[in-house]
Amino acid sequence: MPVASLLPFTATPNRKSASPTSFRLTEKFILLLVFSGFITLCFGAIFFLPDSSKLLSGVFFRSLWVQVSGNEPQTAPWAPQHKWLPTAPGVCSRCVCVCMMQFSWDNYKRYAWGSNELRPISKQGHSSNLFGSLKGATIVDALDTLYIMEMYDEFEAATEWVESNLDFNMNAEISVFEVNIRFVGGLLSAYYLSGKEVFRRKAVELGEKLLPAFKTPTGIPWALLNLKSGIGRNWPWASGGSSILAEYGTLHLEFMHLSELSGRPDFAEKVMNIRKVLNRLDKPQGLYPNYLNPNSGQWGQHHVSVGGLGDSFYEYLLKAWLMSDKTDEEGKKLYYDALQAIEKNLIRKSSGGLTYIAEWKGGLLEHKMGHLTCFAGGMIALGADGGPDDKTGHQMELAAEIARTCHESYARTSMKLGPEAFRFDGGVEAIATRQNEKYFILRPEVIETYMYMWRFTHDPKYRQWGWEAVQALEKYCRVEGGYSGVRDVYANTPNHDDVQQSFYLAETLKYLYLLFSDDDHLPFEHWVFNTEAHPLPVIKKQNVEIANHLK
Ligand code: DMJ
């Protein structure tokens with residue numbers, strides 16, 4: 001409706017009795033009134049709307065944006081000493097995380113909808129060979145983050161895409177591990193959070209497609225699987241045709257839930273058999289080598305790591321116990337025994353007082369810690385109060401020391417973002433020395449540890465460190481078309497890798513959001529996060545007892 005038609009009759013230009021001047025004044029005055037009324041209404045709406053809707057409104061959104069990113073120096077100059085701390089009045093840190101999610105999502109939607117990931121510089125879709133011709137990794141990985149952040153319109157659009165486009169009937173060779181943690185995990189969480197049947201159905205359908213991977217003489221699954229033919233194989237680079245510990249050891253949580261949701265015991269049987277095979281083997285110094293041959297059931301090369309190739313195996317032992325409502329005693333024992341061996345053989349303190357987790361190669365230590373290894377601070381904190389011999393205090397200290405070391409790996413770079421790996425030899429501490437270890441690809445592990453440490457200690461430094469990461473992400477990773485990794489965190493200006501990883505939306509932004517949220521947001525008594533940060537509910541003891549009773 002044109003504004004003129006809203007004006008009272010006295011102000012219309014056709015009224016002859018009014019002098020031209022008085023007429024112009026009256027019209028201006030009324031226009032001004034209408035306009036200011038409109039503005040007042042908008043602001044009113046912003047304050048009366050629920051928090052999440054406020055965030056998504058352009059007005060609120062932009063001012064936060066300027067505070068965080070400092071991309072408009074003329075209005076709010078960003079400087080390291082700037083006091084935009086999470087606790088500062090007027091700054092809602094978790095709102096900023098929603099803004100970041102909105103920006104990542106909108107750009108993915110605009111330039112790469114349906115592709116696995118976004119290339120934010122070239123503004124097009126991207127896919128790695130981990131997913132074969134499977135599509136939509138970012139959509140499935142982001143579903144629960146959208147839901148948790150109350151971005152319901154976006155969640156609906158993602159749900160529609162899953163309903164109409166997510167298809168597993170294709171001649172595609174995929175990574176069993178990656179598809180399990182991102183797709184099966186993402187669908188399961190979306191189901192448990194929203195109750196939408198489509199997610200349960202798709203998760204079970206995809207789980208069934210993964211079952212042929214277990215057709216090996218030992219039942220230790222292949223790393224790669226053709227979804228159509230059901231033929232599997234291992235990565236050609238893996239020691240003597242071995243399967244990888246962090247891959248076959250990171251199926252447990254999702255497969256237990258697939259059995260729960262489908263009533264089919266075979267999912268659970270497959271992952272319980274992995275434990276049986278491992279239990280039969282000798283472990284050098286109580287450690288688990290990263291390579292295991294699925295044909296012979298023997299270890300490959302003796303390389304042990306709590307980072308890449310090993311990491312989430314340990315995480316899933318602990319979480320299997322927690323997710324079973326602490327009934328899985330075997331998972332518990334395996335975790336605490338493994339942690340004891342890790343402490344004895346891999347954990348060291350540098351001369352500068354930084355605790356780190358080294359890697360072990362045939363009995364020799366490599367004094368290097370990966371960004372991936374930094375998740376261990378969170379894991380150790382999560383398991384600290386369940387272990388034998390009342391080691392809670394000791395394990396919390398260890399977790400805090402690892403968090404501090406990982407923070408140092410960020411603090412000692414120009415960009416205040418951590419390198420892929422950092423070393424404690426050759427006169428350096430917590431610094432990457434090799435060019436090919438200086439990159440940052442939007443990984444979550446350090447923020448994940450801050451989130452766990454915050455929940456367990458409420459020490460404000462963890463939120464402070466998380467906020468530093470937010471500022472660094474805004475300053476160096478945010479580009480016009482989304483967020484990108486950087487090739488060298490020690491450089492002064494970013495050289496972008498042009499990939500917005502799906503785990504940035506699934507994990508990094510979710511953990512940041514949870515770091516700045518209250519503890520009753522996905523409380524740990526009820527939820528366990530899979531290794532891609534997809535929350536899965538604890539399977540309550542009484543439900544299991546009822547189910548057993550009904551058999
Ligand atoms: C994620 O896909 C998962 O966290 C996995 O366990 C290891 N690495 C990436 C993110 O860095």
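The values are calculated or read from the model by the stated rules, or taken from the named source; none is laboratory data. Everything numeric here is computed off the predicted structure, so don't read it as measured data. Positions of Cβ are generated from backbone atoms using ideal geometry, with glycine treated the same way; all protein chains shown enter the neighbour counts. Protein only, heavy atoms only, side chains kept; ligands, DNA and RNA dropped before computing areas. Shrake-Rupley method; radii C 1.70, N 1.55, O 1.52, S 1.80 Å.
I want to make sure I understand the PRE zone here: with the label point 7 angstrom from the Cα of D425 toward its beta carbon, which residues in region 431-448 have backbone N atoms less than 11 Å away? Label zone hits: none. In terms of its alpha-carbon gyration tensor, region 267-385 comes out oblate; a/c meets the 1.5 threshold, while b/c is at least as large as a/b. Extending 7 Å from Cα along the Cβ direction at R280 and again at Y152 yields two label points whose distance is 5.3 nm. Residues T373, T218, ordered by accessible area of protein heavy atoms at a 1.4 angstrom probe radius and largest first, appear as T218, T373. The local environment of L512, defined by Cβ-Cβ distances under 12 Å, has a net charge of -1 under the rule Lys, Arg +1 and Asp, Glu -1.
The heavy atoms of D389 present about 120 square angstrom of accessible area, all protein chains included, probe 1.4 Å. A DSSP coil position with no more than 10 other Cβ atoms inside 10 Å describes the following GluC sites (Glu not before Pro) in region 453-551: E480, E525.
Can you pull the percent of Cα pairs in region 139-185 with separation above 12 Å? The calculated P(r) of region 139-185 puts 66 percent of pairs beyond 12 Å. Here r is the Cβ-Cβ distance between F524 and N295 and R0 is 51 Å; the resulting FRET efficiency, rounded to 0.05, is 0.80. Inverting the pair-averaged 1/r between distinct Cα atoms of region 251-312 gives 13.0 Å as its Kirkwood hydrodynamic radius. With 27 Å as the limit, the listed pairs K270/K391; K283/K461; K123/K475; K209/K438 have K270/K391; K283/K461; K209/K438 beyond it between alpha carbons. Note on W113: accessible area is roughly 90 Å² with a 1.4 Å probe, heavy atoms of protein only.
The residues I380, I441, sorted by heavy-atom accessible surface at 1.4 Å with ligands and nucleic acids left out, run I441, I380 from largest to smallest.
Remark: region 410-551 carries a charge dipole of roughly 100 debye about the Cα centre, counting +1 on each Lys and Arg Cβ and -1 on each Asp and Glu Cβ.
On full extension, the segment bounded by H394 and D167 gains 76.9 nm, given 0.36 nm per residue less the C-alpha separation.
Within the shell defined by Cβ-Cβ distances under 14 Å, the residues around F131 carry a net charge of -3, with Lys and Arg each +1 and Asp and Glu each -1.
Heavy-atom accessible surface of region 250-404, averaged per residue, reaches 37 Å², computed with a 1.4 Å probe. Counted by Cβ distance under 14 Å from N492, the other residues give a net charge of +3, where Lys and Arg count +1 and Asp and Glu count -1.
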